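J.: Here it is: the structure, laid out below.
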Amino acid sequence: MKFPNAENGVKKLFTAEILQIIAAVALAAAAVMGLVTLANAANENAGATLGFGAGTLVFSIGGAVVSLIAFILTIVGLVKASKDDDGFKTALAFIILAVVATIVGSCFQSSNTFIYNICTTLTKIADLCVTCHVILGIINLADQIGDDAVAEKGRTLFKVIIAVYVIAIIGVASYTFVLINPALAVIAYVIVCISMVVSIVSYFLYLSLLSKAKKMLAK
């Protein structure tokens, strides 16, 4: 059984995720160079300030451009893959919701913190739903093709991502209790750290799933 549209779409999704990593590294480098630029400016080191300032600009623009390309590839990939499975179509709907929430939130960032926070939360939930429905789409395709290994990997990853989300909620909620009992700050910090570590692990598992799905659909 062949799914040419899904194959094309998953390839683009995989490429988009790789580009997102590159963009994140570039923006992180820009942030570091920005701090070094400020330090050199404070020390009145004009040459170093100019050099690191230029580096900050280049990495910032480069990271932003790569991130935009990754986003466009994600949209195109979901549109392509949605022709073969409805899971990708649902993911596409959620990514549009995330964009709308981000735009609306940015309009209220300085004027209404409450609306901004709601929009930020909606964006995060929508992003989670995008990832989950991409995974469900891959699982469905794997079941139809008969690739049990990819299907099982997808189901495991789905459970891990839900666990990450639950841990993150517990971490945020724990800070509320910190206000009541400061002694719980250590527990809250540990929960947040665990959430971050598991999030990073789940992200690379997601990349691995996309890679395996790409190979599966190419057979």
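J.: Where the accessible area of the range 83-150 is counted over protein heavy atoms with a 1.4 Å probe, how much of it, in %, is carbon and sulfur?
T.: 64
J.: Counting only heavy atoms of the protein chains, get the accessible area per residue of the range 49-140 (1.4 Å probe) and round it to a whole Å² value.
T.: Result: 53 Å² per residue.
J.: If you don't mind, there's one more thing I want to ask. What is the packing order of peptides 149-155, 103-109, taking the mean over residues of other C-beta atoms within 10 Å and listing the highest first?
T.: 149-155, 103-109
J.: Could you compute the net charge surrounding Ile18? Neighbours are other residues with a C-beta less than 13 Å from the C-beta of Ile18; K and R count +1, D and E count -1.
T.: +2
J.: Give me the net charge for the shell around Gly77: Cβ to Cβ below 14 angstrom, other residues only, Lys and Arg +1, Asp and Glu -1.
T.: +2
J.: Counting only other residues whose beta carbon sits under 15 Å from that of Ile96, what net charge do I get with K and R as +1, D and E as -1?
T.: Taking every Cβ under 15 Å from that of Ile96, the sum is 0.
J.: Straight-line reach from Lys83: which aspartates and glutamates have a Cα under 14 Å away, not including same-chain ones fewer than 8 places off?
T.: Output for Lys83: Glu7.
J.: When the gyration tensor of the range 81-172 is built from Cα positions, what are the square roots of 5 times its three eigenvalues, in whole Å, from largest to smallest?
T.: 31, 17, 5
J.: Shifting gears a bit: May I ask you to list the lysines whose Cα is less than 17 Å away from that of Lys153, ignoring any residue fewer than eight positions away on the same chain?
T.: Within the straight-line limit of under 17 Å, Lys153 reaches these lysines: Lys212, Lys214, Lys215.
The values are calculated or read from the model by the stated rules, or taken from the named source; none is laboratory data. Since this is a predicted model, take the numbers as computed values, not measurements. For neighbour counting, all protein chains shown are included, and Cβ atoms are generated from backbone atoms with ideal geometry for every residue, glycine included. The accessibility values were calculated without ligands, DNA or RNA, using every heavy atom of the protein model including side chains. Shrake-Rupley method; radii C 1.70, N 1.55, O 1.52, S 1.80 Å.
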